[in-house]
Amino acid sequence: MVFSSYLFLFGFLPPALAAYYLCPPRHRTLAMTLLSYLFYGWASPWFVLLLAGTTVFDYVAGLVVSGRFAWAAGDQQRRLGVVASVTVNLAMLGAFKYLGFAQENLNWLLDALGRPTLDVIRVALPVGISFYTFQSMSYCIDIYRRRAQPCESLADFACYVSLLPHLVAGPIVRYHQIADQLHQREYTWARFNHGAAFFAFGLAKKVLLANPMGEMADAAWAAGGLSAAQAWLGAVAYAFQIYFDFSGYSDMAVGLGRMMGFELPRNFERPYLADSITDFWRRWHISLSTWLRDYLYFPLGGNRRGALRTYANLVIVMLLGGLWHGAQWTFVAWGALHGAALIAERLMGRQPLYQRAPRWIRVSLTFLLALLAWVLFRSPTIGAAGAYLMAMAGWGQGRPLVDAVLRSPDHLLALAACLWVTWRCADTWEALAHLTPRRAWQAGLLFVAAVLVLFTQDYSPFLYFQF
């Protein structure tokens, strides 16, 4: 079940909101947890057991780290607790997400050595596992660092881990960001309406912009051969698809949270206006980039141990950040390219020559680099990415049939809308900083338009569900 579906919009959300608000305030945290588990288990009830097991384990690990169970020396017990949490979470993530990838690469090596290969084990990937394991793991780490207090009850912690708005595709929420809200939340019509407007803007991004761009991108990558113009159109379409798809989901998550009294953090800040890759990562998937910074880059030493160590840390973080998105070498290559760009910017110093160029040139160059990196991200293999990049360089053979999708009037109109919204319009957070009557009417019209367009679409996946 995805947010941009009739099942969620008209089958799940209205009764869920009614049940939530009919509960007495003191029981709404429990009601939120039950609704979240129902939502998560709709497609595959067995994954609920995995989510519940993770929750119970990390809750107990948090108690161990905090010293509630005094069965060993204080520091030793704290270390054992946090190591257990990190180990179990990473092992679970590795088993479900990377086991098959590791076996495929081992088979490649065995085949090269002339040895018999292994049967690859295929495991269904639980939706949202990359998000909720990072959240649950960071809880114990923050307690260990004395930056958070242990949760008062298992019920509250279960609500934090499974919170419906951000459960399956983020943003990644730290426990300290939401701890107080588990006990006390503000319920007003103004807050509810503000959340509904956020949700409407996000739904419009997804349905009216991301989905048409996805159709263009899919047509381009499935063509088997493209002219330079077709390849560039497909790449630009994918850049807009992934941005409006994920930022639209994040807007819907924030809006849904506010409708239920929760405040979730901002996850995007107009990333295609970045004038460097460093700036891009301050604006793109903010909850992931800050998580990697705080729990990986800083513990590795950050930039405190010399230039070479800083560059190595950047590469490690970006490689693992790429691998976090999926078990493919293309994701690793995408992370490596961003890591190389971050190192290049540091090598140029604080006042590089390109900083003297007009901002529009810096923004254009940054978008171009991000666009080329998205080709790696979207392609199924490194070879396919190389062929696509060659087509963009003019070394490809066009397919006239692809133009029926890439250059159809409705898709070109949607592409023009993406260009305008990206570089000329205020972001959702800026546009809805204050919910004026005009913005409320806009939100209502966008919601109606998105719902009507859904009737004509049979393509509406959230890209980050697969990560």
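Annotations for the structure displayed:
- Tabulated pairs, segment 433-444, first in contact (Cβ under 8 Å) with a residue 12 or more places away in the chain, second polar (S, T, N, Q), C-beta under 9 angstrom, 6+ apart or interchain: LEU435/ASN193; ALA440/ASN193; ALA443/ASN193
- Considering segment 103-129, the residues that are of a type in the set (S, T, N, Q) and either more than 29 Å from VAL168 (Cα to Cα) or touching a Lys or Arg at 6+ places or on another chain (Cβ under 6 Å) (or both) include one that is surrounded by the fewest Cβ atoms within 10 Å (Cβ to Cβ), namely THR117.
- The selection criterion, being farther than 28 Å from LEU9 by Cβ and of a type in the set (Phe, Trp, Tyr), does not hold for TRP284.
- On inspection, CYS418 does not qualify as within 18 Å of LYS206 (Cα to Cα) and without any contact (Cβ under 8 Å) to a residue 24 or more places away in the chain.
- Taking (1) modelled with pLDDT under 90; (2) assigned to a helix (DSSP H, G or I); (3) surrounded by 13 or more Cβ atoms within 10 Å (Cβ to Cβ) in turn, ALA200 satisfies each apart from (1).
- Scanning segment 79-90 for residues being more than 17 Å from ARG146 (Cβ to Cβ) and over 21 Å from the mean Cα position of the chain (by Cα) gives a total of 3.
- Filter result for ALA16 (modelled with pLDDT of 95 or more, in contact with a helix residue (DSSP H, G or I) (Cβ under 9 Å, 6 or more places away or on another chain), part of a helix (DSSP H, G or I) and not aromatic (Phe, Trp, Tyr)): yes
- GLY100 vs. criteria assigned by TED's automatic domain parsing to the domain that holds PRO25 and crowded, with 17+ Cβ neighbours inside 10 Å: no
- Scanning segment 172-197 for residues that are assigned to a loop (DSSP other than H, G, I, E, B) and surrounded by 20 or more Cβ atoms within 10 Å (Cβ to Cβ) turns up ILE172, VAL173, ARG174.
- Here ALA43 fulfils each of the conditions (1) small (Gly, Ala, Ser); (2) part of a helix (DSSP H, G or I); (3) within 30 Å of ALA253 (Cα to Cα) apart from (2).
- Taking helices (runs of 4 or more DSSP H) as the structural unit, those lying wholly within segment 217-303 and holding at least 1 residues that are in contact (Cβ under 8 Å) with a residue 60 or more places away in the chain, surrounded by 21 or more Cβ atoms within 10 Å (Cβ to Cβ) and among the small types (Gly, Ala, Ser) correspond to 228-259, 286-292.
- Of note, ASP410 does not satisfy the criterion of being surrounded by 13 or more Cβ atoms within 10 Å (Cβ to Cβ), in the same structural domain as ASN211 (by TED's automatic domain parsing), at pLDDT below 95 and charged (D, E, K, R).
- Filtering segment 382-438 to residues that are under 30 Å from ASN193 (Cβ atoms), part of a loop (DSSP other than H, G, I, E, B) and of a type outside the set (Gly, Ala, Ser) leaves CYS425, ASP427, LEU432, HIS434, LEU435, THR436.
- Counted residues, segment 311-331 - those being assigned to a helix (DSSP H, G or I) and either under 14 Å from SER379 (Cα atoms) or charged (D, E, K, R) (or both): 5
The values are calculated or read from the model by the stated rules, or taken from the named source; none is laboratory data. Note that the structure is a prediction, hence the values are computed from the model and not measured. Here Cβ is always computed from backbone atoms with ideal geometry, including for glycine, and neighbour counts include all displayed protein chains.
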